[in-house]
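The values are calculated or read from the model by the stated rules, or taken from the named source; none is laboratory data. The model shown is predicted, which means the values in this text are computed figures rather than measured ones. Here the Cβ positions follow ideal geometry from the backbone for every residue, glycine too, while neighbour counts run over all protein chains shown. These area figures cover heavy atoms from the full protein model, side chains too; ligands, DNA and RNA do not enter into them. Shrake-Rupley method; radii C 1.70, N 1.55, O 1.52, S 1.80 Å.
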Amino acid sequence: MSEAWPQGVFPARLIEKLHEAGAIAAARPFDPDQVQPASLDLRLGRTAYRVRSSFLPGPARSVAERIEALKLHEIDLSAGAVLERGCVYLVPLEESLVLPAEVSASANPKSSTGRLDVFTRVIGDRARGFDQLPAGYQGPLYLEISPRTFPVLVRTGSRLSQMRFRCGDTRLSAEAHRALHASDRLVIGGDQKVDEGVALSIDLLGEGRNGLIGFRSKRHTAVIDVDRKAALDVLDFWEPLHSRGQGELILDPDEFYILVSLEAVHVPPTHAAEMVPFDPLVGEFRVHYAGFFDPGFGHSAAGGTGSRAVLEVRSREVPFLLGHGQIIGRLIYEQLAETPDRLYGADLGSNYQAQTLKLSKHFRPFEG
């Protein structure tokens, strides 16, 4: 734990090295595919606590102390249990951290979690913010889970969130973003606005997809088992949305949408990326729960030429009109600490490489 860790986002080899050094502890050995190219999937523990409200423990309390004060009941996850929509749950994770003094961590929902509109946030003891663990953090990890659209079946070991580790300030400057785009072409199509990140806009014409522009969630559906792939019929859970040529879509604040970027995205092997919301002053909507893009996403050598960014979208308070080509988010690129030994893509069986408009892995393929 005394060795110096390199500057940058940690690829898989360094994540595994952190684990070997005791900086990432686990209740049992890692799953074979748990370490992703630049992130670590986090696994649910044996118990879920239904709590009255979301919370942050603050600098003087542990998460366990707040759970004890707010819990309504406990749920055994060892054989699986349904988490109901609109409720808030706290689940201790199987992983905990004893980070070196110079290494910090951040978390996001996994792509499949965001595409189901399951709101998740990682919390640590004495935390003042969600999904951020400061350099040198030592303690347990908990996952707040709140299904917003569909009830979900989870169990011990289910993986709803992922964590990234970094040393130092890893985000590229505007100049570095422009230089990387010049050398590696980060986006294809659209206006290609590159400065403090890469601007992404919305595709509301559906060219090449028979006019399919997205999906709107249905109400009162069956339960979704988060660990079963390609098990569900799309039309039992989603209403397909097709363009009628206007290039516009009105977001209903009571609905959840899956849409897609106009641009194809490229994350070169030397970098990772994170989706952040565009300036909230341009519209009352939220985009993209799942913010990590591993190295190799959309990279041609990893089978990803033409990979779009799939967008999970909600209007905040009022109906909001989106137009084709409207900027809806930004990709911020980060330098890796070293060249990765694996890339996101076909060789790893990655679910969303070379995607266009794609629902989560739980649904059978849909031809619109």
Open item on the list: Suppose the filter is loosely packed, with under 15 Cβ neighbours inside 10 Å and touching a residue at least 24 places away in the same chain (Cβ under 8 Å); does ASP225 pass it?
Closed with: no
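For (1) under 24 Å from ARG330 (Cα atoms); (2) surrounded by 16 or more Cβ atoms within 10 Å (Cβ to Cβ); (3) among the aromatic types (Phe, Trp, Tyr); (4) modelled with pLDDT of 95 or more, each residue gets a yes or a no:
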site: GLU144; (1), (2), (3), (4): no, yes, no, yes
site: ARG159; (1), (2), (3), (4): no, yes, no, yes
site: ASP169; (1), (2), (3), (4): yes, no, no, no
site: ALA199; (1), (2), (3), (4): yes, yes, no, no
- [ ] Tell me which of these LEU116 doesn't satisfy, since it passes every other one: (1) open to solvent by 10 Å² or more (accessible area, probe 1.4 Å); (2) closer than 18 Å to PRO147 by Cα.
- [x] (1)
Task: Residue under evaluation PRO253, criteria (1) in contact with a strand residue (DSSP E or B) (Cβ under 8 Å, 6 or more places away or on another chain); (2) modelled with pLDDT under 75; (3) surrounded by fewer than 21 Cβ atoms within 10 Å (Cβ to Cβ), criterion not met - done: (2)
TODO: Please name all residue pairs, on different chains or six or more residues apart, with Cβ atoms under 6 Å, provided the first residue is in the stretch 137-157 and is in contact (Cβ under 8 Å) with a residue 40 or more places away in the chain and more than 26 Å from GLU102 (Cα to Cα) and the second residue is open to solvent by 20 Å² or more (accessible area, probe 1.4 Å) and of a type in the set (Phe, Trp, Tyr).
DONE: SER146/PHE119; ARG148/PHE119
Task: Any chance LEU97 is open to solvent by less than 40 Å² (accessible area, probe 1.4 Å) and either in contact (Cβ under 8 Å) with a residue 24 or more places away in the chain or assigned to a loop (DSSP other than H, G, I, E, B) (or both) - done: yes
Open item on the list: For the stretch 67-94, give me each residue that is within 23 Å of ASP31 (Cβ to Cβ) and acidic (Asp, Glu).
Closed with: ASP76, GLU94
- [ ] State all residues of the stretch 291-310 that are touching a strand residue (DSSP E or B) at 6+ places or on another chain (Cβ under 8 Å), modelled with pLDDT under 85 and surrounded by fewer than 24 Cβ atoms within 10 Å (Cβ to Cβ); if no residue qualifies, say none.
- [x] GLY291, THR305, GLY306
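Rundown of residues vs (1) more than 21 Å from ARG159 (Cα to Cα); (2) at pLDDT 75 or above; (3) open to solvent by less than 50 Å² (accessible area, probe 1.4 Å), yes/no style:
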{"residue": "GLU312", "(1), (2), (3)": "no, yes, yes"}
{"residue": "LEU322", "(1), (2), (3)": "yes, yes, yes"}
{"residue": "ILE328", "(1), (2), (3)": "yes, yes, yes"}
{"residue": "LEU331", "(1), (2), (3)": "yes, yes, yes"}
{"residue": "HIS362", "(1), (2), (3)": "no, yes, yes"}
{"residue": "PHE366", "(1), (2), (3)": "yes, yes, no"}
- [ ] State all residues of the stretch 173-196 that are surrounded by 19 or more Cβ atoms within 10 Å (Cβ to Cβ), in contact (Cβ under 8 Å) with a residue 40 or more places away in the chain and within 23 Å of the chain's Cα centre (by Cα); if no residue qualifies, say none.
- [x] HIS177, LEU186, VAL187
